[in-house]
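Reading through the structure tokens given below for one structure.
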Amino acid sequence: EFKFRIFAGTVKGYETVGTLLTICPLTPVSLKLTTLTSTTAEINWEKVLGATVYSIEIKDNTKSDLSSFSLISNTLTVTKYLISNLNPSHQYVVRVCAGAYGYFESIGCDCSFTPLSPPNEFRPSAISDT
């Protein structure tokens, strides 16, 4: 939740009471893995009321250095994304955050998956968020 107070003023100064504007982009829900191959994963989520943009981050849990999330994009205006260049049999966590007016909610919705070993493909109808 982002809160802004807007003040009106004169040349003598600002009024002491301002109008409070609250922007509430909620955390995305229903993050789903819709397609999974050995090198790609397609995700989608429900549109967030008040959000004007989404960010996607990914983390490779297979790496021994316990790396943090890496930003894939923070300019998405759609609720679907194809993640590519994945390594088969690595375990990934993807996070989607909603934003508005240049600010992002710090809490996102996470989904874990492991790409399939070739030549398998999986097209789930729905996988619940974690």
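Laboratory data are not the source of any read-out in this text; all were calculated from the coordinates shown. Computed from a predicted model, the values in this text were never measured in an experiment. No Cβ is skipped: glycine too gets one built from the backbone with ideal geometry, and neighbour counts run over all protein chains shown.
Per-structure values
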{"quantity": "Radius 9 Å from Cβ of Ser70, net charge of other residues (Lys, Arg +1; Asp, Glu -1)", "calculated": "-1"}
{"quantity": "Table column - 3J(HN,Hα) (Hz), the range 89-97, Karplus curve with 6.51, -1.76, 1.60, x for Gly and Pro", "calculated": "6, 7, 9, 10, 10, 10, 10, 10, 10"}
{"quantity": "Burial order of peptide ranges 40-47, 76-83 (average beta-carbon count within 10 Å, highest first)", "calculated": "40-47, 76-83"}
